[in-house]
1. For residue 546 and residue 210, compute 0.36 nm times the residue count separating them, minus their Cα-Cα distance, and round to one decimal in nm.
2. For residue 461 and residue 154, calculate 0.36 nm times their separation in residues minus their Cα-Cα distance, and state this gained length in nm to one decimal.
3. Considering the convex hull of the alpha carbon atoms of the stretch 319-382, report its projected area averaged over all viewing directions, in nm², one decimal.
4. Between residue 320 and residue 436, what's the calculated FRET efficiency when r is the beta-carbon distance and R0 is 25 Å? Round to 0.05.
5. Give the relative contact order (percent, whole number) for the stretch 408-552; include only Cα pairs under 8 Å separated by 6+ residues.
6. Show me, bin by bin at 5 Å from 0, the whole-percent P(r) of the stretch 224-285 based on Cα pairs.
7. How long are the three semi-axes of the equivalent ellipsoid for the stretch 479-531, computed from the Cα gyration tensor as the root of 5 times each eigenvalue, in whole Å, largest first?
8. Rounded to whole Å and sorted largest first, list the principal axis extents of the Cα atoms in the stretch 197-300.
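None of the figures in this text is laboratory data; all of them are computed from the coordinates on show. Because the structure is a prediction, the values reported are computed rather than measured. Neighbour counts run over all protein chains shown; Cβ positions are idealised from the backbone, glycine included.
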Ligand SMILES: [Ca+2]
Ligand SMILES: [Ca+2]
Ligand SMILES: [Ca+2]
């Protein structure tokens, strides 16, 4: 990065802090405005779900979270045959909520969150090049926000004028974005800039039905952390300064949504070019429709990143009837990168859900600032001091898009390995490589990009350095010291992957650069669960395909 752009970076950061300060008064009003909302009822009897209620408002504000069992009226047909088909096919509609968490706002004097994840050092490697698309599946969006309006992904097949020969040609040129015709035959009419699966139309703008609903700011706050415009001399920057955000509204202005709309949004993202999907939302019920959609995304090489949930201490409104710590869905599905929250002192946020499904943690307590929305400030509002795993997840999505921008061919598995295998390990992890409360640790953007840059697509398959025979199995205990490594060309970074066949979860040792002797690790097996784990060496996309069943921990 040039000195000039670095100076601009610093200037924009300072401006960000300044904006935070001057907005503080307005935000206090915003946070403390009593909001009483009546959540919509599920479409079918909610036998199998526990609601995941989370808001961003003071705990003392009253809120009715009791789900009724009254079926909602059938939704009106949307402007999308594709969406209607999914609505018809879904068997059970589970309820999804935003994963923000309540807390009292106080102004934080520094933007510790970008420093915590080494974003500024990462910017010396890349700040993004506009080539990647991150689909944000969330509540509605401040489409005209100054710091986001240049970032929304445009479906180029639904803009411009129709011509003779086009499917939607009517005899005279018409604007494709407003011609009430599905110019690209993707099942969505006039979807030139995202989609509202809630409203069934092409306008994912927030606040259309309830300007003061609990969810009206959430999609905009998450989007700002995914990819607010960097280096534009206004507002904020995040990890990735230049990515395209596909705004997909699946939750309403109250922050609530249903299986069919979340499902349809995932399929839309995959089928319309997203590289990464961020879901700062969830349910505490396993949901076959969303699970299948997530698997489709991953099979299509789309990285799926989701908030772990806010039931770490069991006190969140959404956590009634939910076991303490339980990670929400879709974060809990095996190949989704599940993101928990950490505070400025490297402590796991007490509300942050945890368990063997957790991948990483990222700032989620008092996140200093992001873009926001209100009816009176639709283009320039910012919110300070955000709490919730909702705000951790988009920082990881922002990083994933940066990795993808410098290494477009990177697979989901490789991006997961890079993000997990380059984390910093806070002291709370007691020297372990993985714990259920911290996952692999705090994401490190600079290390992740350094490794991504160093990975060589044409590398030979690495060999696992392990004493004994392949597929030799033995039982181990927490206090034994284990060791292995990977052998590859000197200078190549590699990691050792642990795969648990019974659950599909993977862990990674920290990437190391191999020398003439390869790269070696030793560790306490305490960092893996009781079960069998297959172990492989991994370098970029190359993985040795003869797993060594190193450990059966009993
Ligand atoms: Ca279309
Ligand atoms: Ca059209
Ligand atoms: Ca900006």
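1. Full extension from residue 546 to residue 210 adds 115.4 nm.
2. Residue separation times 0.36 nm, minus the Cα-Cα distance, leaves 106.6 nm.
3. Over all viewing directions, the stretch 319-382 projects a mean Cα-hull area of 6.2 nm².
4. Calculated transfer efficiency: 0.65.
5. Answer for the stretch 408-552 is 29 percent.
6. Pair shares across the bins are 4, 16, 22, 19, 17, 13, 7, 2, 0.
7. 23, 13, 7
8. 44, 35, 27
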